[in-house]
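S.K.: First the structure, then my questions, so here it is.
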Amino acid sequence: MSRDKPETSAADFFPKRKSLKAFRDAAADCKGCDLWERGTQTVFGEGARHAQILFVGEQPGNEEDLSGKPFVGPAGRLLDDALVAAGIDRAHTYVTNVVKHFKWEPRGKRRIHKKPNTREIAACRPWLEAEFSLVKPKVIVCLGATAAQALLGPQFKVTKQRGKFIKSTLAPHLIATVHPSSILRAPDDETRQDEKRKFIDDLKKVAHVLSKS
Ligand code: URA
Ligand code: SF4
């Protein structure tokens, strides 16, 4: 078995009916990898049925795990602000993650985020592919290295290649930028403001490419 072709995957839990709702319902019972045991629930993507922009993050965080909705915690609030600043209506977007369960480790009373590994990412990939093929976005935006490397290969460097449109068969336009959580982790306020401005600039490029198409 190759590392990228897990024995069990999300594909084993696919519904008969190929609709977004059928996929969401089926994903709720997914046991395609071991992460289903650790998370509270599957956090499937959410948003407009035929959104022009589809955002891909890494995995749900603490608040997403509890609410069952993607990007509703601190990173989601930063994303919301940045979308407003870039003139993009979140209601016209679809937001999801490469991995649909929260992977965490206990530290005291807190649950600390742990990065998903290659196997978990590969096992969960069929859900993401289904979302791509049903939503059919004009632009896919990778938020952070995990999403960018999952879609563009392990050599992809967000630090060097962010904010540039990249040729892909996944959508007419694809671009990667930083993960909003990385902005929240900036060491000081000035850096944080600066990083946020750059993030908004990347989102403005997305709005611009859509206005031309
Ligand atoms: N970080 C992510 O990558 N995804 C979420 O849904 C929330 C935080
Ligand atoms: Fe299924 Fe993905 Fe959850 Fe693993 S992380 S159990 S593949 S939904």
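S.K.: Any idea which of (1) surrounded by 14 or more Cβ atoms within 10 Å (Cβ to Cβ); (2) more than 15 Å from the chain's Cα centre (by Cα) is the one residue 49 doesn't satisfy?
M.R.: Evaluating residue 49 over (1) surrounded by 14 or more Cβ atoms within 10 Å (Cβ to Cβ); (2) more than 15 Å from the chain's Cα centre (by Cα) leaves (1) as the failure.
S.K.: Which one of the conditions (1) under 15 Å from the mean Cα position of the chain (by Cα); (2) surrounded by 19 or more Cβ atoms within 10 Å (Cβ to Cβ); (3) within 13 Å of ligand 2 (Cβ to nearest atom); (4) among the small types (Gly, Ala, Ser) does residue 26 fail to meet, given that it meets all the rest?
M.R.: The one condition residue 26 does not meet is (1).
S.K.: OK, next. Taking region 163-183, which residues are buried (at least 20 other Cβ atoms within 10 Å of the Cβ) and either under 15 Å from residue 132 (Cβ atoms) or more than 16 Å from ligand 1 (Cβ to nearest atom) (or both)? Don't jump to the end; show me each part of the working.
M.R.: First, pick out the residues of region 163-183 that are buried (at least 20 other Cβ atoms within 10 Å of the Cβ): 173-180, 183.
Result: 173, 174, 175.
S.K.: Follow-up question, since we're still on this one. How about region 66-99: which of its residues are in contact (Cβ under 8 Å) with a residue 24 or more places away in the chain, outside any strand (DSSP E or B), of a type in the set (A, V, I, L, M) and near ligand 1 (Cβ under 9 Å from one of its atoms)?
M.R.: The answer is 75, 79, 98, 99.
S.K.: In addition: Search region 100-125 for residues being in a loop (DSSP other than H, G, I, E, B) and within 12 Å of ligand 1 (Cβ to nearest atom), and hand back the single one that is surrounded by the fewest Cβ atoms within 10 Å (Cβ to Cβ).
M.R.: Of everything passing the filter in region 100-125, 115 is surrounded by the fewest Cβ atoms within 10 Å (Cβ to Cβ).
Coordinate-derived values only; no laboratory data. Here the structure is a predicted model, which means the values were calculated and not measured. Note: ideal-geometry Cβ built from the backbone for every residue, glycine included; neighbour counts use all protein chains shown.
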